[in-house]
Each structure stands twice: as C-alpha cells, then as structure tokens.
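The structure appears below as structure tokens.
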Amino acid sequence: MANKKIYDLVLFGATGYTGELTAEYLARAMMREDFVWAIAGRNPEKLERLKKRLCSVNPDVRSRLHVIQADIEDQASLDAMAKDAKAVINTVGPYIKFGEPVIKACVTQGADYADLTGEPEFVDAMISQYDEVAKRNKVRIVNCCGFDSIPHDLGAYYTVTELTQGLPADALAANPVKLEGFVRAGGAFSGGTWHSAVHAFSRARQARADKRNRPHMSESPRKVGSVDFNLRFRKEINAWACPFPTIDPQVVKRSARALEQYGQEFKYGHYVQVKKLPRVIAGAAFVGGVFALAQLKPTRNWLLSLKPAGQGPTPEQRSRGWFKVVFIGSCDGRQIKTQVSGGDPGYGETSKMLAESGLCLALDRRKLPKSYGVITPVMAMGRPLMDRLQQRGVKFEVLEPAA
C-alpha cells in the first residue's frame, strides 16, 4: 500500500454521542501533538456544525481539521476515506450491523483501524474473514479499544510483566501463570451501548452456532484457559466476585496465546466486584430478564425504545464516573496485586482510550510491535499505548509487589 496518506487519523461517525466526545478529545490533543486529521460521516452539515463547535475547544481546528463525507452504505466512499488515512477510528455501532464495511475498506486500502466494540460475535467474524488478508497487507485491525477492553487487556499485560520480571525462563515454562481481574465501576451508559447489548443478547444463539461452524481461528504453542470459578466472598478484595460476561476475557486470552511472556500455561478469570450478596442475585435476575426479553421481536423493540440510540450521560454524570480493576496474579509461588484505575468508564475514559489508540496507531508506528491482522490492543500497541494512557491519567500501579 504505497499511496501517500493525506491524514494521520480519520474519525468516522464523529457526530454520534461517543464520536463527538472523541472529536473533542482529539481537538485538545492537537495542542500537544502535531497531526493532520479529519472527521467523517454521512451528513456534511452535521460535520460542519461539529467542526465549528470544536473551534471553541481549540481555535486551530478551523484551519487544521478536515471534513470527509462517507456513508456506511457506500463502500466506495469508505474506500476513499481509508485510502487517505494512516489510521481510522470507527464509532459507528452496533458493529455487527455496521462495522464490516469500514474494516473491509481499511484492510484493502492499507489503513490501521480501531473501534470500541464489545460484541464477541462481530470480533469473531472479523477474525475469520479479515485476519489473513490484513496480515498480508500489514494492517492492524484493533477492536475493543474502549473500556472493553483496554483496562483489562493492558492491565493483564502489565500484571504479567511485573509478576514474571526476573523469573527464570525455565520456571516460567514449568509453572502456570494464573491471573484474575476484579472490576468495580460507577457511571451511566449510553443508548448506543444499550442497543448493542440488546442486539448481542438477541443473537446469542446464532453467534454460538456461527462460532462452532468457523474453522479454529488461532493456533498457539501455549495452553490458555479459564480459572475455575466458585461464587464466594473474596477476602483479597473484600467483596463477592461474580463472573462478568463481557468480551474482556476473550481479548485477554487472545493476547496470552500470542505473547510468550504469558508463559506456557496461562489461566484467566474475570469478575465484577459486588459488596453484598443480594446485589449479586438482583444483577443476575436483571441480566437474565433482559436476555429473555431480547429473544422476541416485540419485547426486543420495547427494550430498545427504553433508551434511544444517540443519548448518553450528561457531563455532570460523566464527571462522577470512575473505574478500578484489581488484578491478582501468581506463578511459581510468587503473587502480585495490581490495579488499573481512571474516571468515567463508559464515555470519558472510553473516548480517551479510543483516541489515544488511534493516535498510537498513526503516530507511534516505529515503536509498535510488528504484529498485523485482526489483533488485540496489547498485540497491536502494547507498551506504547500504556505509556500514552499513563501520561493522560489512567493509572497502572502495583498494590502488592511480587513476593
């Protein structure tokens, strides 16, 4: 892909809820980094209004931000957008419905790609369809660059690195690495997140059938699995640990299969922290109820109507948001406890993580691992992305050193 790129970065879906937050973040990032970028979408009037509003964030936007008209239903427009970009950030979801055309454009036109999907069915399908051609074209297609799954994927990588530092290679080869992640968070979610969850629940059975029918997507010399789970109160975190049915364990395990520092045998467990047992029961009942209602079209439509797409938490609500993910790891008798923490998980920090992922792909290429295909944040960006996020206020810290 030898064509000269006009833009370091293109933000597609810039006028949506998360897109606007990401655009604001990038406008501020122009004050500290030199890059050429564009906002893209199907409605040029909305894009121009957004550009005008971003001028109040940073006056340099007026002369340094470009506007591209591109439509998810017009593949040629997406191809033209990707042809001119080093990297594309895509915020248009649900990705199972709208994501593939953008990835197709990036793979064929030689642009790296980042999104914030948390939809396992979509990620599995993209690996199956585009991993090999993306590798051949030396393109990085990186899903899950928001709260799903940056803190968990990078947090696991950080913890394993700290745990195994100084451990002899033969000890790492002979002893399994066990890691558990415990999530706590406070914050509201948007209509887009709600719609993605409902659609994912409605397609769960089809997704399982599709996954069974696909060829095995990755081979690895390492043995990677799950930690055996028992519902119990965990003294290490002073809370109940309840399995957290998100895409995050899938992402962490893909990184572990790819990278030798996770050891020859790696096991991961992923949980949400709940202080009181009745909340565990209530949470399980709520998720089960939504899952059941999502199976039938009339009740599914009712669920979708409860929170229209495009709506999201207010700035005041976002300012009160927070997250903490505690990791406990062990290998060869050593144990470590770490934490990744930050602000509003759904949107304040997600827009930051997504924007920094795009900037990392576009601007830090010489520092990045030589890893291509449909890959995880750690496989694509690893330490350079962690360094960026630490500089922007996401904390990675050791609570109890390996001993």
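The values are calculated or read from the model by the stated rules, or taken from the named source; none is laboratory data. Model, not experiment: these values are computed from the prediction. All Cβ positions, even for glycine, are placed from backbone atoms using ideal geometry, and neighbour counts span all protein chains on display. All accessible areas refer to the heavy atoms of the entire protein, side chains included, with ligands and DNA or RNA removed. Shrake-Rupley method; radii C 1.70, N 1.55, O 1.52, S 1.80 Å.
Selection of helices (runs of 4 or more DSSP H) fully inside the range 311-403 by the criterion of at least 2 residues being of a type in the set (D, E, K, R) returns 315-319, 348-363, 382-391. Whether any residue in the range 11-27 is surrounded by fewer than 16 Cβ atoms within 10 Å (Cβ to Cβ), at pLDDT 95 or above and of a type outside the set (Lys, Arg) is what I want to check. Looking through the range 11-27, none of the residues is surrounded by fewer than 16 Cβ atoms within 10 Å (Cβ to Cβ), at pLDDT 95 or above and of a type outside the set (Lys, Arg). Note on the range 77-97: residues that are open to solvent by less than 70 Å² (accessible area, probe 1.4 Å) and over 21 Å from residue 360 (Cα atoms) total 8.
When the residues of the range 104-149 are filtered to those that are on the phi > 0 side of the Ramachandran plot and touching a Gly at 6+ places or on another chain (Cβ under 9 Å), the one that is surrounded by the fewest Cβ atoms within 10 Å (Cβ to Cβ) is 138. Please count how many residues of the range 235-253 are surrounded by fewer than 16 Cβ atoms within 10 Å (Cβ to Cβ) and assigned to a strand (DSSP E or B). Summing the residues that are surrounded by fewer than 16 Cβ atoms within 10 Å (Cβ to Cβ) and assigned to a strand (DSSP E or B) in the range 235-253 gives 1. Tell me the residue from 329, 343, 348, 382 that is within 17 Å of the chain's Cα centre (by Cα) and either hydrophobic (A, V, I, L, M, F, W, C) or modelled with pLDDT of 95 or more (or both), please. When all the criteria are applied, what remains is 382.
Sub-9 Å Cβ pairs linking a first residue in the range 127-141 that is aromatic (Phe, Trp, Tyr) to a second residue that is outside any helix (DSSP H, G or I), at least 6 apart or interchain, are 130/139; 130/141; 130/373; 130/374, ordered by first then second residue. Scanning the range 69-105 for residues that are assigned to a helix (DSSP H, G or I), basic (Lys, Arg) and touching a residue at least 40 places away in the same chain (Cβ under 8 Å) yields 83, 97. Exactly one residue out of 159, 164 is open to solvent by less than 10 Å² (accessible area, probe 1.4 Å) and more than 19 Å from residue 350 (Cβ to Cβ): that is 159.
A single member of 285, 292 is modelled with pLDDT under 65, among the hydrophobic types (A, V, I, L, M, F, W, C) and open to solvent by 40 Å² or more (accessible area, probe 1.4 Å), and it is 285. When residue 355 is tested against (1) buried (at least 24 other Cβ atoms within 10 Å of the Cβ); (2) under 26 Å from residue 180 (Cβ atoms); (3) at pLDDT 95 or above; (4) within 14 Å of the chain's Cα centre (by Cα), exactly one condition is not met: (2). Residue 239 - would you say it is of a type in the set (Gly, Ala, Ser) and at pLDDT 85 or above? Yes; evaluated as a whole, the condition is true for this residue. Within the range 254-266, no residue that is in a strand (DSSP E or B) sits with its Cβ atom under 9 Å from a residue that is hydroxyl-bearing (Ser, Thr, Tyr) and open to solvent by 10 Å² or more (accessible area, probe 1.4 Å) at 6+ positions apart or across chains.
In the range 52-73, the qualifying residues are those that are among the polar types (S, T, N, Q) and more than 27 Å from residue 98 (Cα to Cα), and the one that is least open to solvent (accessible area, probe 1.4 Å) is 58.
The residues in the range 355-374 that are of a type in the set (A, V, I, L, M, F, W, C), touching an Asp or Glu at 6+ places or on another chain (Cβ under 8 Å) and closer than 18 Å to residue 149 by Cα can be counted, and the count is 3.
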